[in-house]
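*Asks:* Handing you a structure now.
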Number of protein chains: 2
Amino acid sequence: MAAGAREPISRGEGARRRMLEAALQVLDDDGLPGLTMEAVARRAGASKATLYRRWPTVGALLVDAMDATFQPFPAPDTGRVADDVAHLLAAFVELLDRTRFPRLLAAFIDAAERDPELAALHADLTRRRREPMIAVLTRARDRGELPAGLDPEVTTDLLTAPFFYRRFVAHRPIPPELVPEVVARVLGTGAGG
Amino acid sequence: MAAGAREPISRGEGARRRMLEAALQVLDDDGLPGLTMEAVARRAGASKATLYRRWPTVGALLVDAMDATFQPFPAPDTGRVADDVAHLLAAFVELLDRTRFPRLLAAFIDAAERDPELAALHADLTRRRREPMIAVLTRARDRGELPAGLDPEVTTDLLTAPFFYRRFVAHRPIPPELVPEVVARVLGTGAGG
C-alpha cells in the first residue's frame with residue numbers, strides 16, 4: 001500500500017488526496033466537532049455523494065486522513081538494536097514535531113472516549129504504527145542481542161510511551177538526548193557508545 | 001488544600017462543588033465544545049454572574065474541575081522503592097479505570113493543541129500529579145537504593161507513560177501484572193519478590 005513518492009498519481013487517487021487534505025484543513029480549523037461530510041465536501045469543492053462513495057462515515061474518513069499523515073518507517077537493520085531503535089524513535093519525534101500527526105492524534109484521543117468504534121480504529125492504527133519497532137526488537141532477541149524472555153510488546157510500550165507522554169500530557173519539550181537516554185534505560189544498553 | 005472527607009463543608013464550598021459537578025456533567029454529555037459558562041450555570045441552577053465570580057474563564061473552570069477529579073496520593077514510604085512505586089502506579093491505574101479523570105484528560109489533550117494557555121495549565125496539573133513519584137524516587141536515590149546518577153524526572157516519565165499510552169493511544173487493557181513488570185523493567189528490580 002505504501003506508494004513511492006515518484007509514482008504517477010491516478011486521477012482517482014488525486015481526488016482522494018484532495019478530499020483527505022480538505023478533511024485535515026477542516027479538522028485544523030474547527031476541530032473534530034466541525035468535521036462533517038458537508039464541511040469536507042464544501043472545502044474540497046466536491047459533492048457529498050462523492051465523499052460518501054469513498055467513506056461511509058465521518059469516522060472512516062478520519063481514519064484515512066490520520067493514515068495519510070503517517071508515512072510508515074521501514075524497519076532499519078544495522079545489526080545493533082540500540083541504533084535501530086534510536087533511529088525509529090528519532091523519526092517518531094520528528095513526526096510529533098513537524099507534521100499534523102499530533103493534532104490528529106489528540107482529536108482521536110478525545111473522540112475515542114465517546115466512540116468505541118473510533119477507539120477500535122485508533123487501536124488498529126496504533127498497532128500498525130508499532131510494527132517496525134516490534135520487528136527490530138524481535139530480530140535482536142532472536143539473534144541473542146536481547147534477553148530470550150524479552151516481551152517486544154511491553155518493550156515497545158516502554159520505548160515509545162515517554163514521547164507521547166511528554167508531548168500530550170506533560171507538554172514539555174523533547175530534547176534530542178532523550179532518545180538515547182530512553183533507549184539506554186529501557187534496553188540497558190547505550191545507543192552508539 | 002486536601003480536605004478530609006469528614007470535615008463539615010461550608011456553604012460556599014458546597015456551592016463550588018455543585019458548580020464543578022455541573023461542569024463535569026456538561027463535559028460528559030457534550031464534550032469540550034459544549035462547555036460554556038452558560039451551559040454550566042444552567043446545569044447548576046446558578047447565575048452566570050455567580051460562576052464568573054469564581055472563574056474568570058472557562059479554562060479556569062476546566063482546570064478546577066480536572067483538579068477535583070484527582071485526589072493526590074500521599075507518597076508511600078515502605079523503605080523499599082519498588083513497593084512504593086508499585087503502590088503509586090496501582091493507585092494511578094485505578095484512577096484511569098474508575099473515575100472521570102481519563103475523559104477529562106482526553107478533553108484537555110485535544111484542547112491544549114489549539115490553546116497554549118490550557119496547555120500551560122495542563123502542564124502545571126501534570127507537574128503536581130508527579131510530585132509523590134518524584135519524592136519516592138529521590139528518597140530511594142538519597143538512601144542508596146537507586147543509582148546516584150538517576151534522574152527522577154525521566155524515571156517518572158518511564159514509569160507512568162506506559163499507562164497513559166495503553167489507555168489513550170493503544171486502547172488496550174491494563175492487566176494487573178503490568179505494574180510490577182514496568183517497575184522491574186524501569187528500576188531493574190522486582191516489586192515484592
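*Asks:* Exactly one condition in (1) surrounded by fewer than 18 Cβ atoms within 10 Å (Cβ to Cβ); (2) of a type outside the set (Lys, Arg); (3) out of contact with any Leu (no Cβ under 8 Å at 6 or more places or on another chain); (4) in the same structural domain as A:PHE164 (by TED's automatic domain parsing) is not met by A:PRO76; state its number.
*Replies:* (3)
*Asks:* Between B:ALA119, B:ALA60, which is on the phi < 0 side of the Ramachandran plot and not assigned by TED's automatic domain parsing to the domain that holds B:ARG16?
*Replies:* B:ALA119
*Asks:* Here's another thing I want to ask about it. For residues that are more than 27 Å from B:LEU32 (Cα to Cα) and among the charged types (D, E, K, R), scanning just segment A:17-47, find the one that is surrounded by the fewest Cβ atoms within 10 Å (Cβ to Cβ).
*Replies:* This residue is A:ARG17.
*Asks:* Kindly provide the set of residues from segment B:179-191 that are outside any loop (DSSP other than H, G, I, E, B) and without any contact (Cβ under 8 Å) to a residue 12 or more places away in the chain, ordered by number.
*Replies:* Once the filter is applied, which keeps residues that are outside any loop (DSSP other than H, G, I, E, B) and without any contact (Cβ under 8 Å) to a residue 12 or more places away in the chain, segment B:179-191 yields B:GLU181, B:ARG185.
*Asks:* Which count do you get for residues in segment A:126-178 that are touching a residue at least 24 places away in the same chain (Cβ under 8 Å) and among the β-branched types (Val, Ile, Thr)?
*Replies:* Going through segment A:126-178 one residue at a time, the tally reaches 5.
*Asks:* Check segment A:139-159 and report whether any residue there is at positive phi, open to solvent by 40 Å² or more (accessible area, probe 1.4 Å) and over 18 Å from the mean Cα position of the chain (by Cα).
*Replies:* Scanning segment A:139-159, I find at least one residue that is at positive phi, open to solvent by 40 Å² or more (accessible area, probe 1.4 Å) and over 18 Å from the mean Cα position of the chain (by Cα), so the answer is yes.
*Asks:* Determine which member of the set B:ARG143, B:ARG139, B:ARG129 is more than 8 Å from every other protein chain (Cβ to nearest Cβ) and at pLDDT below 95.
*Replies:* B:ARG129
*Asks:* Report yes if B:PHE101 is of a type outside the set (Ser, Thr, Tyr) and crowded, with 21+ Cβ neighbours inside 10 Å, otherwise no.
*Replies:* No.
*Asks:* Just the residues that are over 19 Å from A:ASP124 (Cα atoms), hydrophobic (A, V, I, L, M, F, W, C) and either touching a strand residue (DSSP E or B) at 6+ places or on another chain (Cβ under 9 Å) or without any contact (Cβ under 8 Å) to a residue 40 or more places away in the chain (or both), please, taken from segment A:84-109.
*Replies:* Scanning segment A:84-109 gives a single hit, A:ALA91.
*Asks:* Can you pull out the residues in segment A:107-138 that are open to solvent by 20 Å² or more (accessible area, probe 1.4 Å), more than 16 Å from A:ALA82 (Cα to Cα) and more than 14 Å from the chain's Cα centre (by Cα)?
*Replies:* A:GLU113, A:ARG114, A:ASP115, A:PRO116, A:GLU117, A:ALA120 - these are the residues of segment A:107-138 that are open to solvent by 20 Å² or more (accessible area, probe 1.4 Å), more than 16 Å from A:ALA82 (Cα to Cα) and more than 14 Å from the chain's Cα centre (by Cα).
The values are calculated or read from the model by the stated rules, or taken from the named source; none is laboratory data. Note that the coordinates shown come from a computational prediction; the quantities given were computed from them, not determined experimentally. For neighbour counting, all protein chains shown are included, and Cβ atoms are generated from backbone atoms with ideal geometry for every residue, glycine included. Ligands, DNA and RNA are stripped out before the accessible areas are found, and what is left, the full protein with its side chains, is counted by its heavy atoms. Shrake-Rupley method; radii C 1.70, N 1.55, O 1.52, S 1.80 Å.
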